[in-house]
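**Q** I have a structure here, written as structure tokens, and I will follow up with some questions on it.
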């Protein structure tokens, strides 16, 4: 007699269960496996005397296609798919944990780098993924416990640090998911395009090197942590760089670079536009080898928007990275300058990773969430010349106890505060022509024979003060002398030197000719994509010296004939 | 009607001519190879015109262009962990250039300036993949120019360093060899289908899913083909294709006391169809997996001094490990810094063991054993040998060389770099320097498998031992030992590696597997005390690292990514009168705190 009631109850359940299923089905089986193993590991480690208080997994899937060509021929094409794990496991507590840097120890490497990344299954089999995550978690745990002991000893032995801020900030959890990005690349078409684009260089015997390289990547990042965050981001990147080198009669090698970037496959210029740029490069290279060598010089100069951008990135940008203010080995230039003027009052500086593009140019430093699961946001670094903020990761510093979404790293490194899209704005712009007139006035007033105009700077590389070789280098590639009568003369062999900070106080004016520089920046948390945007600037005093010159002679024999039978 | 008949005959003639010409058109003629043409033309121009002021002109130039195709697949627990979408292609250009003469030239010299310079690796560069005459010539032009300038600097520094030195044997820098202009010209190969390899890797790695006691496992399949074009100024010219597949399975775990237990095997073949069937490989994987699991609870031993039998492939393994690169010559360079010279000769001896150069005429094996190197043999018991080649990397014709005759060293393998007592090449240059190709260890005194075991037990009993030791797999990989060391350091393994398959053999015939017996170098002297050998011989192939001296001074013929040369060795089982084996030392890494996800299924 109860049967009809029972049946109806079951029917009710059946009716509702599809909805339940839809909610419970994981959006992403990889994220689900990460979550499962993370929770499981945290649970298992609770039984140990020093359990972790924080754990995060980040899996980065990357498919990269590279095509390289030189002088009209193909050099290589590669197509690689990788999946890399980055893991952050902390024991101790937010105040003092296993990531605490040792003082006066230049050799200790962050754990992340010591262990490297294990091989992670590419397909989404949950069991295989979990085993890989398990292996890494075990390794990291052991090392973290060891390190915490060492940290505790180190802290006892040294004097109290100046900056007593905690090691890690507490941040809210976020759940966010982007669809997996489409990625398409016609390899054969690009091979041919790059051949065509580099072919014109071969017509000139003075040009010794000429290359074009396409890097097309799609990167999907999945981040899961013990605070409850689950984030998936997916973006394609398309980068093209064309570079060539000519050799002058005195042996000096003169390089030129041109880089392009887009988040869309059709965002790179078409062949006609590229060929036009190549022709301009050839003209400039041929002019450069005939140009006179620059003399050492101190005096007024204009930096184009690109050159200013690079300048600001290299010299200003690194000094506003948060954790440097806490690092007792660092110069900590701006540490005590919050709310004080550090730049002329007509300049403001922002770091804005939320921007995919500025005016018509796409920006390489865009991201939705940083590598510690913190949402990106526009940060006002300098307002009308006054320093307001540093770029912050989850490593607090005195006066700044929260992240502002700038914790970034390359796979295999621990995250640190890094730049994103650096934007320099001026409230007092004049036209480029006006700026040049102002330059000439300064030249005359200082009684100099000429001023300098830095049109382009070696791009694609970033230097910091560290040992990493290929870093942002403030090496100009196209420089002109500007004479008091307005005449401009190309010169070669110039290197920018001097104390850059004094240069900031000598920025006199800016123009309305803003330019964007897209590149990659290398520092302690590895290589990250960045951009720098700035207007042209007039600086009342910069110093240049002669560039070091190659001592190798030009080739002894003339170039070989282009076809057989003409020996 | 005369005109008609003439036409008909003409047509017939034309038809015949057409048929005769067709085969030539289809086969690739050397002169149709644009790359080879560019190489020959630039070589000719460089030899005749390249000269700086009044300085020495080159007396020898060689161009080696290698088209390297590589695809590497790795899988774990049924899933791929890395993938190259299609094989990677690279073209590597290499220039060898000599100034001076055969007796004294710029090579076999190490200058302090060489340290930390791109010039140390000078003469090697990446070339264009397109078969474009102009571009290949241009690349060779620039590389030759750089190499020539560097050679002049080196020769001048070398002459200065040698001035005032007297005495010592004057050994030429370069041997004179007969140019080989009729060497094979083989057309560039067409890539075969590789999709099946991904499936094989996944299937084999999935076998470990049912072994939660195994912490880490991986299957790697590497396919590479190096197509070499070579031409030199003496008139030698050849092309050669060298496809190679290496399939490797590795697994590691720990015993409950933390001692690492690991095992691996590698299979080589020259094309996918020559690999063992997936079923056969699977059986091998499963056998390895069960053995590792069994070893976790096996006993170890403290120390053993007594007879040891290396059975089957283990014998070829250790022979290759100990003798492999010692059977090749090695030359210490002159240096402008005398301390370097001394350091190098000491360093080379320590790395890879003393070469047998000082031991020509000495006995290194029992009088019933001989060793020869034979690059011409292609098969052993229907299995392909991996060292086979008709020319070496200098273009010198390969040939069989008797190395050890009735225990006594007669010859060593040499490339074109003479050493005291060995002034000519034996056609043995493989990559950086001379190496064996296919080694055959023969014995005039063999016992059957059972007789050998009995002999082993008899000798153990003679010493009052309850058991003897049998090694079926020696481990540590032969010459790839430096790579192995690096790999172990990278994987944070502490403690020294253990012999993967070793058993106690008791007089009643039963066997017990042992874990944690340290792999140590078997001293070369012990080989003289081999007392018996067993039938049938077994084949073992492995990558072999050339002697360090060749790496530095022959220039790096980098065939980037194609791996080290593979050497095949056929040897009978070897019964050693006495070897000393000990336990692998700790400290051992801690065991995992949480169970593997495989266990909680």
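Bear in mind these aren't lab numbers, they're just calculated from the coordinates by the rules spelled out. Model, not experiment: these values are computed from the prediction. A quick note on method: Cβ atoms are made from the backbone with ideal geometry, for glycine too, and the neighbour counts reach across all protein chains shown.
**Q** Please give the per residue volume of the convex hull enclosing the alpha carbon atoms of the stretch A:497-562, rounded to a whole number of Å³. Don't skip to the end; give the middle numbers.
**A** Details: hull volume 16.2 nm³, N = 66.
Expressed per residue, the convex hull around the Cα atoms of the stretch A:497-562 is 246 Å³.
**Q** Below 8 Å, C-alpha to C-alpha, sequence gap of six or more: please give me the relative contact order for chain A in percent.
**A** Details: 1273 pairs, mean separation 83.6, N = 567.
Worked out over chain A, it gives 15 percent.
**Q** Next up: With the calculation restricted to Cα positions, what are the radius of gyration and Dmax of chain A in angstrom?
**A** Both quantities, over Cα of chain A: 27.4, 111 Å.
**Q** Next up: Mind checking the angle between helix A:29-45 and chain A's longest principal axis? C-alpha axes, 0 to 90 degrees, to the nearest 10.
**A** 70 degrees
**Q** Taking R0 as 56 Å, what FRET efficiency do you get between residue B:400 and residue A:433 from their Cβ-Cβ distance, rounded to the nearest 0.05?
**A** Details: r = 82 Å, r/R0 = 1.47.
Between residue B:400 and residue A:433 the formula returns 0.10.
**Q** Give me a single rounded figure for B:197-207: the average over its residues of other chain Cβ atoms within 10 Å of their Cβ. Walk me through the numbers on the way to the answer.
**A** On the way: counts 0, 0, 0, 0, 0, 3, 0, 0, 2, 2, 0.
Taking all residues of B:197-207 together, the mean is 1.
**Q** Ok, one more. Between residue B:52 and residue A:94, how many nm apart are label points set 7 Å from Cα along the C-beta direction?
**A** Between residue B:52 and residue A:94, the simple spin-label model gives 6.6 nm.
**Q** How far apart, in nm, are the 7 Å Cα→Cβ label points at residue A:346 and residue B:390?
**A** 7.9 nm
**Q** A follow-up question, please. In degrees between 0 and 90, to the nearest 10, how far off the longest principal axis of chain A does helix A:271-290 point, with axes built from Cα atoms?
**A** It is inclined by approximately 50 degrees.
**Q** I would also like to ask the following. When N counts the residues of the protein assembly as shown, how does its alpha-carbon radius of gyration compare numerically with 2.2 N^0.38 Å, as a ratio?
**A** On the way: Rg = 34.3 Å, N = 1168, 2.2 N^0.38 = 32.2 Å.
Ratio of Rg to 2.2 N^0.38 Å for the protein assembly as shown: 1.06.
**Q** Return one number: the angle in degrees, 0 to 90 and rounded to the nearest 10, between the long axis of the Cα atoms of helix A:432-445 and the longest principal axis of the Cα atoms of chain A.
**A** Tilt of helix A:432-445: around 60 degrees.
**Q** State log₁₀ I(q)/I(0) for the stretch A:392-446 at q = 0.17, 0.24 Å⁻¹ as given by the Debye formula over alpha-carbon point scatterers of equal weight, solvent excluded.
**A** Result of the Debye calculation: -0.67, -0.99.
**Q** Still on this structure: Along the Cα-to-Cβ line of residue A:402, 7 Å from the Cα, sits a label point; which residues in the stretch A:164-183 have backbone N less than 12 Å from it?
**A** Backbone N within reach: A:170-173.
**Q** Please give, to one decimal in nm, the separation of the simple spin-label points placed at residue B:420 and residue A:388, each 7 Å out from Cα toward the Cβ.
**A** 8.0 nm
**Q** Using packing as a proxy for protection, rank B:52-62, A:219-229 so that the peptide with the highest average count of other Cβ atoms within 10 Å comes first.
**A** Working: B:52-62: 15.6, A:219-229: 20.0.
Ranking the peptides B:52-62, A:219-229 by packing returns A:219-229, B:52-62.
**Q** Stretched out fully, how many nm does the piece from residue A:78 to residue A:264 gain, at 0.36 nm a residue minus the Cα gap?
**A** On the way: separation 186, 0.36 × 186 = 66.96 nm, distance 2.00 nm.
Residue separation times 0.36 nm, minus the Cα-Cα distance, leaves 65.0 nm.
**Q** Residue by residue through B:67-79, how many Cβ atoms from other chains fall within 10 Å of the Cβ on average? Could the numbers behind the result be given before it?
**A** On the way: counts 0, 0, 0, 0, 0, 1, 0, 3, 5, 9, 8, 5, 13.
For peptide B:67-79, the averaged partner shielding equals 3.
**Q** Given R₀ = 30 Å, what would the calculated FRET efficiency be for residue A:283 paired with residue A:448, taking r from the Cβ atoms and rounding to 0.05?
**A** On the way: r = 29 Å, r/R0 = 0.95.
Plugging the Cβ-Cβ distance into 1/(1 + (r/R0)^6) gives 0.55.
**Q** Determine the shielding of peptide B:39-46 by partner chains: average, over its residues, the number of Cβ atoms on other chains within 10 angstrom of each Cβ. Could you put the intermediate results ahead of the total?
**A** Working: counts 0, 1, 7, 4, 0, 1, 5, 3.
Mean number of neighbouring Cβ atoms from other chains: 3.
**Q** Right, something else. Rg and Dmax of the stretch A:120-251 over Cα atoms: what are they, in angstrom?
**A** Considering the stretch A:120-251 through its Cα atoms, Rg and Dmax are 25.2, 68 Å.
**Q** How much length, in nm to one decimal, is gained on full extension between residue A:359 and residue A:177, taken as 0.36 nm per residue of separation minus their Cα-Cα distance? Before the final figure, lay out the partial values.
**A** Details: separation 182, 0.36 × 182 = 65.52 nm, distance 2.71 nm.
Stretched out fully, the residue A:359 to residue A:177 stretch lengthens by 62.8 nm.
**Q** How much length would be gained if the chain were fully extended between residue B:448 and residue B:199, taking 0.36 nm per residue of separation minus their Cα-Cα distance, in nm to one decimal? Mind showing how you got there, number by number?
**A** On the way: separation 249, 0.36 × 249 = 89.64 nm, distance 4.02 nm.
So the extension gain works out to 85.6 nm.
**Q** Another question, if that's okay. Per residue of chain A, what 222 nm ellipticity follows from adding -39500 (n - 2.57) for every DSSP H run with n ≥ 4, rounded to the nearest 500?
**A** Numbers: 9 runs with 135 residues, N = 567.
It comes out at -8000 deg cm²/dmol, rounded to the nearest 500.
**Q** Can you work out the FRET efficiency for the pair residue B:376 and residue B:342, with r the C-beta to C-beta distance and R0 = 35 Å, to the nearest 0.05?
**A** Values: r = 40 Å, r/R0 = 1.15.
In this case the efficiency is close to 0.30.
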